[in-house]
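Below: the structure, in structure tokens.
Values in this text are rule-based calculations from the coordinates and carry no lab data. As the structure is a prediction and not an experimental result, all values here were calculated from the model. Glycine gets a Cβ as well: all are built from the backbone with ideal geometry, and neighbour counts include every protein chain shown.
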Amino acid sequence: MNGLMMQKQLLISSLIVHADRHHGDTEIVSRRVEGDIHRYTFRDCHRRSRQLANALTGLGIKPHDRIGTLAWNGYRHMELYYGVSGMGAVLHTINPRLHEDQVTYIADHAEDQYIFFDLTFLPLVKAIAGRCKTVKGFIAMTDRARMPTDSGIPGLLCYEELIDHSSPDYAWPTFDENTASTLCYTSGTTGHPKGVLYSHRSSLLHTYAAALPDALNCSARDVILPVVPMFHVNAWGLPYIACMVGAKLVFPGPALDGKSLHELLEAEQVTLSAGVPTVWQGLLNHVEQTGQKFASMTRTIVGGAACPPAMLRMFQEGYGVTVLHSWGMTELSPIGTVCSMKTRHAQLTPQERYDVQSKQGRALFGVDMKIVDANGDELPWDGVSSGDLLVRGPWVVRDYFRNEGACPLRANGETDWFPTGDVATIDPDGFMHITDRSKDVIKSGGEWIGSIDLENIAMAHPEVFQAACIAAKHPKWDERPLLIVVRKPQSSLTREELLRAYEGRIAKWWTPDDVIFVDALPLGATGKVQKNRLREQFGDHLLAQADGETVQGACR
Ligand code: ADP
């Protein structure tokens, strides 16, 4: 016997319809590429999204066609989020920080029909314009007055003209909620980038779960500033969440430096923001140097890479901002876990709380997870046993777009768990803690050393700006930890002084064998440290030392 409730499809268009009807005058504020601040409301956004859907129909776009974007976080990108997916086409957000060859590969692979771009990316568009095989035209996200002249781009169109010439009379179509809505490629540190194709249903379920109090805890009383880009996993779902709960949205555009972010956070009374640790490093540096505070921000979501405990502590003790540590992946839409406390944690000392907050946290309802050993056998949730992290759920990838690569799910009889490539522990309270990416683990004499713990100790040193720990080849132990460090300005910190910070904090044989000071760490297209590049550059460092004199022996 079936239930007798309405069968309504879970569609992305319903989010903007809801935001218009119930929070129509709530603002969306954007710092534009042009440099000024633009503000309008959810009602305006809904109207222009409908105009956009009409414009796309006029261009011959049909359901399931892919529409690419090369754009910052801003209101026009938001209109594309709703206009494209809402009409049944597929929004393909392309990471503009990728090399032009990769962008061309991705646009071809996705078979994009049109690509919308912010003017910042005009040089990139010029470079790819003649190369993308399926793209019929490019649309500059600006008005007629600012349109590039003599760009040489065939079929170049103006966004504001398209909107102006299109009627807002548009009824969002109803279709199967399993229809594809959005396409996002993983950065692909090895092999080709792989496309993850979200559906309306998976996106809506992710939105419900991510907005909950023990997840990102979003409400109509929030002002949310996503620093995390809309070109990378839908800005962690925040453009959808804001519509569901009626929160004001603030988009930072291209200005992601500490000063610009701080100005916007203060001017718009932002309560919640979200970004990767490297962005927060820049912001914290700025407020530290200028002696400023945060008047309204009480929470910040840190994810994409491990949040160093020193950053948690600085946000909390220096600025009264609570860090919500979150873990996720492109393949998970992206949120899998968020570190929110349970009642029992209220009794903990501040230091004990930071220890809990350093973990990546508990699974959202909808995501199931487990850790397994090399044989695929499940490991206990004792907070100590560490193994490969597997997940499953309605917003976890099943196959990559156009079957790129092998089926991502496990082959050994368990076909419904996705192997994340992360190594983790899970404690009895269900808090998951990433100790490493499987390819970053340091295998020293048959034992594993987690690089994140070693980085966190270095990051806690007051004179360290950034630190990465990599596996360097070693003649006796196969691999040993090597620390690559960027010092804070004016610091003359030495190798010996830094290594002293490890004494008594970890097993002696985990201590890095050497420290290399550099001016900057290589960051990938999503703002994460590229350890593969560091391994290429410094992987032989200890071998070279050993060739010189005596082997700098491991400290076992
Ligand atoms: P890529 O960085 O390859 O583009 P994603 O953005 O999907 O891919 O990154 C997912 C990976 O980022 C995870 O598998 C994990 O290794 C890492 N990651 C994400 N959040 C965290 C976190 N809070 N702590 C540690 N690692 C994290």
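A few comments on the model shown:
- Put in line by how crowded their Cβ is, counting other Cβ atoms within 10 Å and starting with the fewest, Val384, Val287, Val228 read Val384, Val287, Val228.
- Under the Debye formula (equal points on every Cα, no solvent term), log10 I(q)/I(0) of region 442-546 at q = 0.10, 0.12, 0.16 Å⁻¹: -0.25, -0.37, -0.67
- At R0 = 51 Å, FRET efficiency that the Cβ-Cβ distance of Lys62 and Asp547 yields, to 0.05: 0.20
- Per residue convex hull volume, Cα atoms of region 18-255, in Å³: 122 Å³
- The mean sequence separation of alpha-carbon pairs under 8 Å and at least six residues apart, normalised by the residue count of region 368-437, gives a relative contact order of 33 percent.
- Geometric extent, Cα atoms of region 294-385 - Rg, Dmax (angstrom): 14.8, 51
- Across region 18-255, the relative contact order, built from alpha-carbon pairs under 8 Å that are at least six residues apart, equals 25 percent.
- By the count of other C-beta atoms within 10 Å, a proxy for reagent exposure, Cys158, Cys307, Cys407, Cys339 are ordered fewest to most as Cys407, Cys158, Cys339, Cys307.
- Backbone phi angles across region 147-163, fed through the Karplus curve with coefficients 6.51, -1.76 and 1.60 (θ = phi - 60°), yield HN-Hα couplings of 5, x, 9, 6, 6, x, 8, x, x, 6, 10, 10, 4, 5, 5, 4, 5 Hz in residue order; Gly and Pro are listed as x.
- Expected-Rg normalisation [2.2 N^0.38 Å, Cα atoms] applied to the chain: 0.99
- Cα pair distances in region 81-127, grouped into 10 Å bins until the bin that holds the longest one, percent each: 24, 54, 21, 0
- Rg(Cα)/(2.2 N^0.38 Å) for region 368-437, N = residue count: 1.13
- Rotationally averaged projected area of region 368-496 (alpha carbon convex hull; nm²): 11.3 nm²
- Share of alpha-carbon pairs per 10 Å distance bin for region 252-292, given as whole %: 28, 65, 7
- The loop-placed GluC sites (Glu not before Pro) in region 22-99, going by DSSP, that have at most 16 neighbouring Cβ atoms within 10 Å of their Cβ come out as Glu34.
- Region 240-324 - charge dipole about Cα centre, Lys and Arg +1 at Cβ, Asp and Glu -1, debye rounded to 20: 160 debye
- Backbone phi angles across region 288-298, fed through the Karplus curve with coefficients 6.51, -1.76 and 1.60 (θ = phi - 60°), yield HN-Hα couplings of 5, 6, 9, x, 8, 10, 10, 6, 10, 6, 10 Hz in residue order; Gly and Pro are listed as x.
- In order along region 388-395, the phi-based Karplus estimate (6.51 cos²θ - 1.76 cosθ + 1.60, θ = phi - 60°) of 3J(HN,Hα) comes to 5, 8, 10, 9, 8, x, x, 10 Hz; Gly and Pro are listed as x.
- Sorted by Cβ density within 10 Å, fewest first, the residues Tyr319, Tyr185: Tyr319, Tyr185
- Estimated FRET transfer efficiency (Ala507, Gln347; beta-carbon r; R0 30 Å; 0.05): 0.55
- Grouping the Cα pair distances of region 220-332 into 5 Å bins from zero gives a pair-distance distribution of 2, 12, 24, 27, 21, 11, 3, 0 percent in increasing distance order.
- Built amide H within the under 5 Å cut-off of Arg437, gap 5+: Val423
- The chain, relative contact order in percent, only Cα pairs under 8 angstrom and at least six apart counted: 10 percent
- When only the Cβ of Lys, Arg, Asp and Glu is charged (+1, +1, -1, -1), the dipole of region 368-437 relative to its Cα centre reaches about 360 debye.
- Placed amide H near Leu523: partners under 5 Å, 5+ positions off or other chain: Gln530
- Close amide H contacts of Val223 (hydrogens built in the peptide plane, cut-off under 5 Å, sequence separation of 5 or more or a different chain): Thr271, Leu272.
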